[in-house]
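Colleague: Before we start, here is the structure in question, set down as structure tokens.
The values are calculated or read from the model by the stated rules, or taken from the named source; none is laboratory data. Just so we're clear, the structure is a prediction, and the values are computed from it rather than from any experiment. Don't worry about glycine lacking a Cβ; one is built from the backbone with ideal geometry, like all the others, and counts go over all protein chains shown. These area figures cover heavy atoms from the full protein model, side chains too; ligands, DNA and RNA do not enter into them. Shrake-Rupley method; radii C 1.70, N 1.55, O 1.52, S 1.80 Å.
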Number of protein chains: 2
Amino acid sequence: MRDFYPEDMKLRNRIFDAWRSSATASGFEQYDACVVESLELLQRKAGEEIVNQIYAFEDKSGRNLALRPEMTPTLARMVAARQGALSFPIKWFTIAQCFRYERMTRGRKREHYQLNLDIIDEDSVAAEAEVIYTAISALRRMGVPDSAYKVRVSNRALLSELLVSLGIEKEFHSGVFMALDKKGKIPREEIEGLMRAENLDDSACSAAFDLMDISTLEDAEQIAGESSPSAARISELFALLADYGVADQAVFDISVIRGLSYYTGIVFEAFDVKGEFRAIFGGGRYDNLLSAIGGKPASAVGLGFGDVVIGEIIQSLGLEETTSLECVAIGYMTDDERSVATRLAGKLRSEGRNVTLQTRPAKAKAFFSFAGANATHAVFIGPDDRLSGKANLKNLATREQTAIDLV
Amino acid sequence: MRDFYPEDMKLRNRIFDAWRSSATASGFEQYDACVVESLELLQRKAGEEIVNQIYAFEDKSGRNLALRPEMTPTLARMVAARQGALSFPIKWFTIAQCFRYERMTRGRKREHYQLNLDIIDEDSVAAEAEVIYTAISALRRMGVPDSAYKVRVSNRALLSELLVSLGIEKEFHSGVFMALDKKGKIPREEIEGLMRAENLDDSACSAAFDLMDISTLEDAEQIAGESSPSAARISELFALLADYGVADQAVFDISVIRGLSYYTGIVFEAFDVKGEFRAIFGGGRYDNLLSAIGGKPASAVGLGFGDVVIGEIIQSLGLEETTSLECVAIGYMTDDERSVATRLAGKLRSEGRNVTLQTRPAKAKAFFSFAGANATHAVFIGPDDRLSGKANLKNLATREQTAIDLV
């Protein structure tokens, strides 16, 4: 579990502020829920892998609770509870802390914060375009250059069409997806083993694995047929991303599948171009989740964007904030100046300035050393200033001084 | 546990934004830590009442963990861990979720968020003035009028002096504080019973209880003696609050004691003047906590300000946000306009405007009904607009229209 000291909070606030402002700029409304969730709800929906990693506990009245591993079941619960009252489609976002009990590695902690963007009850691919654009917009607000990452896009429905063209029936697809999603993490033999365990024969396993070599949308269309609706959907998404001016960041990648079983259509994952980090964000269409939670059926698109990987990337790119927040440090020489110093602090703050007031008298040298480390401007009040009713406001960067009235 | 739907988040963000901006304006630096904390740390420091209400659980490796009931032990742990590296005094704040398993009543939930302001290693009463001023400044930023509440201030050290003047020895004071703190919650007989259980005789119990009738600082000084250092400290605090322009909000109240055992000096609680709600914020000086956690001794002042009571007060005063965030709704008549609508949304967002783009074609009437509920401005693009390359940006409040170029 992470502690956030003030220097860590600067980076976290920068990420959170970019998330919140880009989601708000795209018309998403914020929601939240308690980090403690019903274990039963989480188990009903989450993938097998997640269920084993849930931090579960029992409360004093015997209820089975858990620290949520992801926000989507909670979102589905909240939407289902008010499905009659909400005006659809809804566009919601949250910045939620999530927990997983797992081995800690780079880019993976036992708890992290995640921006979730969801659009519910919108069938058109405009929903996918909107969440991908908004995540890219957040990266831009953090200062991450467009050239530093790619959003890899595929469509599970297209992969389904391709599997059908190989003679692999629909009932096997879910198992094949989960096996192929492991590509790059475990050897080919193990992946084919997983598929054989789903009752696929050797040639089907091998053919399914070879689909991962398809490198362009055109090649996929050649196999699936030019009228493939799921390939057309990807093209339509790329056209909308071009309208948003973010076409260069998006690429087709048949091997993007996503680990969660509830995705039904377009899926995507953003990675740094050097391949040094885990996924920056990911998501896709999940059209059956709301009905699984007990709501009326509604289509949905979601995106998750964690704080750990992007924090590592910001640091690796040397993008840490260099300019400090404007702040006036006020110091004073003796107890006699404390009152005027306090009045000045109150006045400047009420004018909207950030002011850090020394809590005790100090020598000028010690004060300016503190001010240099913590502020952009400084006022040091001595007995003469108190008597004259004037002091100097010093810009610590330019050394410029302005006379300021004491009150 | 609370769900926050978008309308609830508006109120919560307003409270959090006022907290963060006022703390930053006063030069506090933000920190945070995971809501899961070591049970042992929490038990080492918390009061008896809190220990019984901790949400504790065991993780898979058998560690005893808990959802923190308050942030102060975590703060002490973090400060103690870096005591050699930090430059004191430090001024830190956090907005932390805290949990207590207890019966839910108005103003009291099983989880809440709390602004914590702490100043560590500052002996002077400037520390108390700074945290009280900053909390008042947050209330002002929320629009709560100065006349709506009072900050009641006392000093446990003064109450100690008064008890000594009655012949009650120091060793009994902690028990007497905890008993007298129950005034107004349980009958006088029960409070005196609690004191008798601490081995005070009947006349001492009665005399201690009567101290709660002292109504002015002058009366307290008459009993404690005019040179009472702890009464002088309260006067000094009031003078600094006057320098900050918030003297009218502060009153002396000998009956303010606070329930936590670790306070050692000045204590304070803010209440609405009508007495309808629980405390808005409270805090005080706790000079021995850091050494109890294992750090070097350091004086400290802290303030806690929860989101539940202030949320109720904002609603009871009718102060809910009435103006909505500036936002442009963009709609379009047919699929042919989707591309220009998307380009316009991207352009306006990149200029810093908030834009909610309709995800599908709509009739003008349905679009303007949506825009009226969700936006301050609207652009509706039809085939003619697409062909002419111009559309109208309508201010929904003034009905004023401005021509806007499509891109």
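Colleague: Considering Cα pairs under 8 angstrom that are at least six residues apart, work out the relative contact order of region B:328-405 and quote it in whole percent.
Modeller: 34 percent
Colleague: Indicate the residues belonging to region A:327-345 that lose 30 Å² or more of solvent-accessible heavy-atom surface (probe 1.4 Å) upon moving from the chain alone to the assembly of all protein chains, ignoring ligands and nucleic acids.
Modeller: Listed in order, they are A:Arg338, A:Thr342, A:Arg343.
Colleague: Also: What range in chain B is the longest one free of GluC sites (Glu not before Pro) that are in a loop by DSSP and have at most 14 other Cβ atoms within 10 angstrom?
Modeller: B:1-101
Colleague: For chain B, take the longest principal axis of its alpha carbons; what is the angle in degrees between that and the long axis of helix B:338-350, to the nearest 10 within 0 to 90?
Modeller: 40 degrees
Colleague: Whole Å is fine, so just give me how far the alpha carbon centre of region B:142-174 lies from that of region B:312-391.
Modeller: Rounded to whole Å, the Cα centres lie 55 Å apart.
Colleague: Identify all aspartates and glutamates with a Cα-Cα distance to B:Lys109 below 14 Å; exclude those on the same chain that are fewer than 8 residues away in sequence.
Modeller: Correct list for B:Lys109: B:Asp3, B:Glu70, B:Asp307, B:Glu312.
Colleague: Right, here's the next one. State the answer as a single residue: which of B:Ser22, B:Val131, B:Leu162 lies farthest towards the positive end of the charge dipole of chain B, with beta carbon charges of +1 for Lys and Arg and -1 for Asp and Glu, about the Cα centre.
Modeller: The one lying farthest along the dipole's positive direction is B:Ser22.
Colleague: Restricting to the protein assembly as shown, compute how many DSSP beta bridges are antiparallel as a %, nearest 5. If you can, show how the numbers build up before the last one.
Modeller: On the way: 102 of 130 bridges.
Counting only bridges with both partners in the protein assembly as shown, antiparallel ones make up about 80 percent.
Colleague: Can you tell me the dipole magnitude for region A:1-151 around its Cα centre, using point charges on the Cβ only (Lys, Arg +1; Asp, Glu -1), in Debye to the nearest 20? Please list the in-between numbers first.
Modeller: On the way: 22 positive and 22 negative charges, 104 e Å.
Dipole size: approximately 500 debye.
Colleague: For region A:328-405, divide the Cα radius of gyration by the Kirkwood radius and give the resulting Rg/Rh value with two decimals.
Modeller: So for region A:328-405, dividing Rg by the Kirkwood Rh gives 0.92.
Colleague: Please work out the average accessible area per residue across region A:6-316, using the 1.4 Å probe convention, and give it in Å².
Modeller: Averaged over the residues of region A:6-316, the accessible area is 38 Å².
Colleague: Could you give me the ³J(HN,Hα) list for region A:161-167, computed from phi with Karplus coefficients 6.51, -1.76, 1.60 and θ = phi - 60°, whole Hz, x at Gly and Pro?
Modeller: 4, 5, 5, 4, 5, 8, x
Colleague: Pop out the carbon and sulfur fraction of the accessible area of the protein assembly as shown as a percent, whole number, probe 1.4 Å.
Modeller: 48 percent
Colleague: Which value in deg cm²/dmol, rounded to the nearest 500, describes the helix-derived mean residue ellipticity at 222 nm for chain B, given -39,500 (n - 2.57) per DSSP H run of n ≥ 4 and division by the residue count?
Modeller: Mean residue ellipticity at 222 nm (helix-derived): -11500 deg cm²/dmol.
Colleague: Additional query: Quick one: in chain A, whose Cβ comes closest to the A/B rotation axis, and how close in angstrom?
Modeller: A:Phe57, 2
Colleague: Lysines within cross-link reach of A:Lys347: Cα-Cα under 23 Å, excluding same-chain residues under 8 positions apart?
Modeller: Leaving aside lysines fewer than 8 places away in the same chain, those within reach of A:Lys347 are A:Lys390, A:Lys394, B:Lys91, B:Lys150.
Colleague: For B:Lys170, which lysines qualify as cross-link partners when the Cα separation must be under 30 Å and same-chain residues fewer than eight apart are set aside?
Modeller: Leaving aside lysines fewer than 8 places away in the same chain, those within reach of B:Lys170 are B:Lys45, B:Lys182, B:Lys183, B:Lys185, B:Lys296.
Colleague: Still on this structure, I have one more. If each label sits 7 angstrom from Cα along the C-beta direction, how far apart, in nm, is A:Ser369 from its counterparts in the other copies?
Modeller: 7.0
Colleague: Using only protein heavy atoms and a 1.4 angstrom probe, determine the accessible area buried between A and B, summed over both sides, in Å² to the nearest 100.
Modeller: 6300 Å²
Colleague: Ok, one more. Label position 7 Å from Cα toward Cβ: report the copy-to-copy distances for A:Asp219 in nm, one decimal, ordered from shortest.
Modeller: Relative to the other copies, A:Asp219 has label-point distances of 8.9 nm.
Colleague: List the extent of the Cα atoms of region A:179-227 along each of their three principal axes, largest first, rounded to whole Å.
Modeller: Cα extents, longest axis first: 33, 22, 13 Å.
Colleague: Still on this model: Can you work out D for the protein assembly as shown in µm² s⁻¹ from Stokes-Einstein, where Rh is the Kirkwood radius over C-alpha pairs, the temperature is 25 °C and the viscosity is 0.890 mPa s?
Modeller: 83 µm²/s
Colleague: Positive end of the charge dipole of the protein assembly as shown (Lys, Arg +1 and Asp, Glu -1 on Cβ, about the Cα centre): tell me which of A:Phe380, B:Thr334, A:Gln249 has its Cα farthest that way.
Modeller: A:Phe380
Colleague: Mind jotting down the distance between the C-alpha centroids of region A:223-257 and region A:22-94, whole Å?
Modeller: Region A:22-94 and region A:223-257 have Cα centres separated by 30 Å.
Colleague: Further question: Mind listing the long-range amide H neighbours of B:Phe252? Cut-off is under 5 Å, sequence gap 5 or more, other chains count too, H placed in the peptide plane at 1.01 Å from N.
Modeller: Under 5 Å from the amide H of B:Phe252 lie the amide H atoms of B:Val153, each far enough along the sequence or on another chain.
Colleague: Give me the 1.4 Å probe accessible area per residue for region A:328-405, excluding ligands and nucleic acids, in Å².
Modeller: With all protein chains present, region A:328-405 gives 49 Å² per residue.
Colleague: If you bin every alpha carbon distance in region B:215-296 into 5 Å steps from zero, what whole percent lands in each bin?
Modeller: Going out from 0 Å in 5 Å bins, region B:215-296 shows 3, 12, 18, 23, 20, 14, 7, 3, 0 percent.
Colleague: Here's something else I'd like to know. Restricting everything to alpha-carbon atoms, can you work out Rg to Rh for chain A with a Kirkwood hydrodynamic radius?
Modeller: Radius of gyration over Kirkwood radius for chain A works out to 1.11.
Colleague: Nearest 5 percent is fine: what portion of the DSSP beta bridges confined to region B:309-407 is antiparallel?
Modeller: Among the beta bridges of region B:309-407, antiparallel pairing accounts for roughly 50 percent.
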